[in-house]
Each structure stands twice: as structure tokens, then as C-alpha cells.
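Reading through the C-alpha cells given below for one structure.
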Amino acid sequence: LPVVLTYHSPNYEHAKWGPLARTFLRLAERLAFRAANAVIFVNPFQMDKAPAAVRAKAVHLPNGVEPHVPGGPAELLGRLGLEPGRYLLGVGRLTPEKGFDLLIAAFRQVAPPGLKLVLAGGVDNEDFHARALRAQAAGAPVVFAGALDPDDLRPLYEHARLFVLPSRNEGFPLALLEALAARNDVLAADLPAARLVPLAREDFFAPGDAAELAAKLRHKLAGPPPARAYDLAVFDWARIAAQTREVYARAARP
């Protein structure tokens, strides 16, 4: 059967894996590349790093984002003790590469009274990092919201004062796209994947730098939240779906 491989990110770059696991993941990647008739990269930087034989059968197609529909069920805010515009939001699994330890450290330095930090995301099979994050956040107004479905995430985005992507590593930051669709003001780690979305220079900070993140947070929170709108036409799911269909159709031809 023809095989189409969609490549998100090199998982062996994540800090949670040991040497044996990273070797296995690299071998699996090599076998997957060899077996694929076509490869879809959601990130062009990863495609550029691939061997020439892989690039010859590859195409870059980003992930898309649904248009934000305002007015979702907001009772979750009440259950979490949140007020609209009075919390920062981070979304993602509670794993080391997501950088929430950096965000907690920066938030503790600069948060004005009455502002909370909400981390929305589940844990991997091992929750030792989640426990470490909770210990780090002890005594601070940090809310761990757990894994949420899209209907609950929508009002969290909509009413956030600021969305922060503190990741150390990203294949393609879907949470960042969702924040842009909700017209959030944002701060993002300056990763190649984050550079794929339409942000201004002042919206980025150096990856892994908690001090710079704190300084950027202080600047963002000093004034009223700006009105933001972003051009997300390139991330339209209908267009991406049509292009993806073409890739599959070509791979299926005898």
C-alpha cells in the first residue's frame, strides 16, 4: 500500500528521552522516511533538515486553525476562580519541552496583585514533571486546569489577558495558532516553528530565558491590553485539506 507520512517534530530532541529511547526514535524516523511514498512536513525548517532523498518526495503543509467562535460556555472560568482579563494562559502538555517551569518562574517575579496564571494541559504517562511544576508554583496564584476539550478552551483563550508559549521545542505550535485566532495578545519563545505565524518582534523572547520572559511580561502587563488581529489565511483548513488530498492522490497513483 502507498504510504504518506506526516512529520510534526523530531521527538528525540525532547529532554524527557534517554539515550536508548533517542536511538530508537531516530531509527524509527529513518525507517518511516524510507517507507513513505510522500512526506508532509508541517514545519519547513524540519523539511530543510531532512536528507535530499526525503526532500525529493516532500511538501510543506502547515497545520490549520478553526475560526474562533466567541461566546463559548464560560462557566469553567467560575469553577476555576477566574475573572475575564485577569489571568495569563499557557496551553500544552505538562512536559519539560513546553517550558512551563520558565513561565512559572517569570510569573512569580512580575505578576501584579489579582492576576493569575492558568496552565491548561494534561500529563504524559509519567507525571513527575507535573508534580515538580505544582511544587514550584506552591503559594503562587497558579491554576492547573488539566486537559480540556475545545469547547472549554475557547472561552479560556477569549478572556485571557495574555497567552504565553514558553516552549523549549516545538514542531508546530497549534496552541499559539488558536490564541491568534482568538485575537489574544501573545508572548512566544523565539523558535523556528513560532516564527511561522504572523507576530511582531516584540512578541518573542529568547527560548529558555526566564529573565527575558519576565522582562517581556512586565512590559506587556504595564499597559492596557492591545486590540490584536492576525492574518491567518495561510492556515485555513479548507485550503490545507485540498492540498493534502492532492498529496494522497499522487501517492495512490500506480
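For this structure, a couple of remarks:
- Candidate aspartates and glutamates for bridging to Lys116, where Cα separation is under 13 Å - those fewer than 8 sequence places away on the same chain excluded: Glu83
- Note on the chain: with charges restricted to the Cβ of Lys and Arg (+1) and Asp and Glu (-1), its dipole about the Cα centre is near 580 debye.
- Compared with the dominant Cα axis of the chain, that is its longest principal axis, helix 210-221 is turned about 60°.
- Note on segment 74-152: with charges restricted to the Cβ of Lys and Arg (+1) and Asp and Glu (-1), its dipole about the Cα centre is near 380 debye.
- DSSP beta bridges in segment 105-217 [antiparallel fraction, %, rounded to 5]: 0
- The distance linking segment 128-147 with segment 69-109 is 11 Å (Cα centroid to Cα centroid, whole angstrom).
- Segment 27-160 - share of DSSP beta bridges that are antiparallel (%, nearest 5): 0
- Histogram of C-alpha separations across segment 68-227, 5 Å bin width, %: 2, 9, 20, 24, 23, 15, 6, 1, 0
- The value for segment 136-254 of Rg(Cα) / (2.2 N^0.38 Å) is 1.27.
- Counting only aspartates and glutamates at least 8 places from Lys220 when in the same chain, those with an alpha carbon closer than 18 Å to its own are Glu158, Asp185, Asp190, Glu202, Asp203, Asp209, Glu212.
- Total formal charge among the other residues, if their Cβ is under 13 angstrom from that of Ala28, Lys/Arg +1 and Asp/Glu -1: +3
- For Lys57, the lysines whose Cα falls under 21 Å of its own Cα, not counting residues fewer than eight places away in the same chain, are Lys49.
- 15 Å beta-carbon shell around Glu75, net charge (K/R +1, D/E -1): -3
- Here the gap between Ala211 and Arg250, fully extended at 0.36 nm per residue and compared with their Cα-Cα distance, gives a gain of 9.2 nm.
- Taking Cα centre as origin and charging only the Cβ of basic (Lys, Arg, +1) and acidic (Asp, Glu, -1) residues, the dipole magnitude of segment 1-96 rounds to 460 debye.
- Whole-percent pair-distance distribution, where bins are 5 Å wide, for the alpha carbons of segment 117-195: 3, 13, 22, 23, 23, 13, 2
- DSSP beta bridge pairing in the chain, given as percent antiparallel to the nearest 5: 0
- In terms of packing, defined here as the mean over residues of other Cβ atoms within 10 angstrom, the peptides 131-141, 59-69, 17-27, 103-113 line up highest first as 103-113, 59-69, 131-141, 17-27.
- Kirkwood radius, segment 212-254, all distinct C-alpha pairs, inverse of mean reciprocal distance: 14.4 Å.
- Computed on the chain, with alpha-carbon pairs under 8 angstrom and 6+ residues apart, the relative contact order is 22 percent.
- Three-way shape label, segment 1-67, alpha-carbon gyration tensor, a/c 1.5: oblate
- Net charge of Cβ neighbours under 15 Å - reference Gly85; Lys, Arg +1; Asp, Glu -1: +3
- Semi-axis lengths (Å, descending) of the ellipsoid that matches the C-alpha gyration tensor of segment 36-130: 36, 19, 13
We did not get these values from a lab; they are worked out from the coordinates using the rules stated. Computed from a predicted structure; not experimentally measured. Reconstructed Cβ throughout: ideal geometry from the backbone, glycine too, with neighbour counts over all protein chains shown.
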